[in-house]
Amino acid sequence: MSDPEITRDFEQMDLPVPLLRGIYALGLEKPSRPQQLGIVPGVKGQDLLLQSQSGTGKTVTFSTISLSRAGKYQSRVLILNPNRDLANQTYDVLKSLSKYMINSSKEPLINIHLSVGGYNDMKSDSEKLKCNPHIVIGTIGRIEHQMKNGNLDCSNIELVIIDEADEMLKSREDGKSFKDNIKFIYKNFIKESAQTILISATYNRDYI
Ligand code: ADP
């Protein structure tokens with residue numbers, strides 16, 4: 001196996017300029033280790049397992065990959081989370097990073113939709129999903145439900161990101177694992193050519 005490519009500056013990552021502005025506006029000057037290693041291969045379409053401690057910049061890494069793919073190639077991206085809090089936090093990071101990805105009327109060029117249970121009522125969620133947002137971020141339960149109901153068309157989803165993959169893919173004795181939901185989604189809805197990026201703070205053999 002060859003050594004992974006390291007890119008030490010955000011400018012060298014061939015990111016859309018408005019996204020670069022968003023990165024700098026957040027006060028990020030130099031990419032952290034996961035960003036140096038992950039962003040370029042992720043944007044190029046490689047499957048990745050990105051594992052590093054909490055707080056090392058993984059969310060910024062996969063959010064940058066998602067926005068770059070959506071901005072440059074109009075790719076559709078699905079980001080799966082184990083819970084609402086995490087989905088909300090990542091949604092906020094995506095919105096901040098994409099702040100300058102707008103047209104001359106100041107409308108967002110990248111449509112990002114948060115699909116979670118609770119306050120986000122099913123009817124408006126379904127309507128927004130049917131508009132094919134570039135990036136759909138949500139909890140696994142709500143997303144699976146919307147796929148089964150035909151409200152989330154996955155036929156053109158090119159990148160699937162599984163955050164907290166350690167939590168999402170672990171087997172549990174009580175049987176309440178998300179692993180089966182993820183297998184079901186992949187088997188029935190995600191096209192074989194789709195790229196997958198797993199994000200985790202720990203490494204676990206259950207990923208394989
Ligand atoms: P993780 O997902 O690994 O927990 P985050 O992407 O949420 O990490 O980043 C954790 C914190 O560090 C956030 O406040 C984020 O803005 C900040 N951060 C991320 N990347 C960088 C960077 N390259 N330089 C400075 N701060 C960063």
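A few remarks follow.
- Exclusive hit being more than 26 Å from Ser126 (Cα to Cα), open to solvent by 60 Å² or more (accessible area, probe 1.4 Å) and out of contact with any Leu (no Cβ under 9 Å at 6 or more places or on another chain), set Gln89, Gln53: Gln53
- Meets criteria (modelled with pLDDT of 90 or more, under 19 Å from the mean Cα position of the chain (by Cα) and within 16 Å of the ligand (Cβ to nearest atom)) for Ala201: yes
- Subset tally (residues that are within 14 Å of the ligand (Cβ to nearest atom) and polar (S, T, N, Q)) for the stretch 1-11: 1
- Among (1) part of a helix (DSSP H, G or I); (2) crowded, with 20+ Cβ neighbours inside 10 Å; (3) away from the ligand (no atom under 11 Å from the Cβ) - the single one Leu20 does not satisfy: (2)
- Residue in the stretch 153-162 that is open to solvent by 60 Å² or more (accessible area, probe 1.4 Å), outside any loop (DSSP other than H, G, I, E, B) and among the aliphatic types (A, V, I, L, M) present: no
- For first residues located in the stretch 52-76 and under 15 Å from Gln195 (Cβ atoms), partners that are within 6 Å of the ligand (Cβ to nearest atom) and at pLDDT 95 or above and lie 6+ apart or on another chain with Cβ distances below 6 Å form the pairs Thr61/Gln35.
- Counting the residues of the stretch 39-50 that are free of Cβ contacts under 8 Å to residues at least 60 places away in the same chain and either under 13 Å from the mean Cα position of the chain (by Cα) or open to solvent by 30 Å² or more (accessible area, probe 1.4 Å) (or both) gives 3.
- Helices (runs of 4 or more DSSP H) wholly inside the stretch 56-137 that include at least 3 residues being more than 16 Å from the ligand (Cβ to nearest atom) and touching a strand residue (DSSP E or B) at 6+ places or on another chain (Cβ under 7 Å): 122-130
- A Cβ distance below 8 Å, combined with a sequence gap of six or more or placement on separate chains, defines the contacts here; from the stretch 23-36, residues that are more than 6 Å from the ligand (Cβ to nearest atom) reach residues that are of a type in the set (A, V, I, L, M, F, W, C) and open to solvent by 60 Å² or more (accessible area, probe 1.4 Å) in the pairs Gln36/Ile6.
The values are calculated or read from the model by the stated rules, or taken from the named source; none is laboratory data. Everything quoted here is computed from the prediction, not taken from an experiment. Cβ atoms come from the backbone with ideal geometry, glycine included; neighbour counts cover every protein chain shown. The accessibility values were calculated without ligands, DNA or RNA, using every heavy atom of the protein model including side chains. Shrake-Rupley method; radii C 1.70, N 1.55, O 1.52, S 1.80 Å.
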